[in-house]
Each structure stands twice: as C-alpha cells, then as structure tokens.
Amino acid sequence: MIAGDEILLEKQKKDMARRLLKGVITLTVGEQHKKPVYLRPLPPIEKRRRVDNEPDDFADIALLFAEGRD
C-alpha cells in the first residue's frame with residue numbers, strides 16, 4: 001500500500017516534472033490555432049399578431065364556385 005507521505009512525494013515529483021517540461025511541451029496544434037468564438041446578440045423574433053376584427057367574407061368565395069358564371 002502507498003502511505004500518505006508517498007502520495008505527496010509522487011505529487012511533488014509530477015509537479016516538478018510539469019514545471020521543468022512546461023517550456024518544452026507546448027499546446028497541441030489544434031489548441032494553438034483555436035480562434036475565440038464571438039456570438040452577436042440576435043434580434044428577437046417577431047410574432048404574428050392575430051387580427052380579431054377580420055370579417056368572415058365568404059360571399060366572394062361563393063361567387064367563385066357559383067354555377068353559371070359569366
């Protein structure tokens with residue numbers, strides 16, 4: 001089993017290795033050329049308003065289907 005002191009030593013070793021190799025190991029190519037994403041605010045979507053005062057005008061439709069059109 002690993003004692004608590006040994007875990008701390010391992011952490012310290014890993015931390016020291018990271019510090020030493022930080023200048024040698026750089027970011028991956030994908031991380032180096034990653035561009036920041038800028039999202040602009042979009043305008044709100046306009047909802048269509050219902051027209052309640054619109055008359056039910058079926059008389060004109062009846063003229064279209066009436067028999068004996070001229």
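Total residues in the range 14-36 satisfying the condition of being of a type in the set (Gly, Ala, Ser), surrounded by fewer than 10 Cβ atoms within 10 Å (Cβ to Cβ) and assigned to a helix (DSSP H, G or I): the figure is 1. Are there any pairs with C-beta distances below 9 angstrom linking a residue in the range 18-33 that is of a type in the set (Ser, Thr, Tyr) to a residue that is modelled with pLDDT under 85 and surrounded by fewer than 10 Cβ atoms within 10 Å (Cβ to Cβ), with the two at least 6 apart or on different chains, and if so which? Filtered contacts from the range 18-33: THR26/GLN32.
Could you tell me how many of the residues in the range 29-64 are at pLDDT 80 or above and either over 33 Å from the mean Cα position of the chain (by Cα) or of a type outside the set (A, V, I, L, M, F, W, C) (or both)? Residues flagged as at pLDDT 80 or above and either over 33 Å from the mean Cα position of the chain (by Cα) or of a type outside the set (A, V, I, L, M, F, W, C) (or both) within the range 29-64 amount to 15.
With respect to the conditions (1) loosely packed, with under 10 Cβ neighbours inside 10 Å; (2) in a helix (DSSP H, G or I); (3) at pLDDT below 85, GLU6 lacks only one, and its number is (1).
The values are calculated or read from the model by the stated rules, or taken from the named source; none is laboratory data. Since we're looking at a predicted model, the values are computed, not measured. Here Cβ is always computed from backbone atoms with ideal geometry, including for glycine, and neighbour counts include all displayed protein chains.
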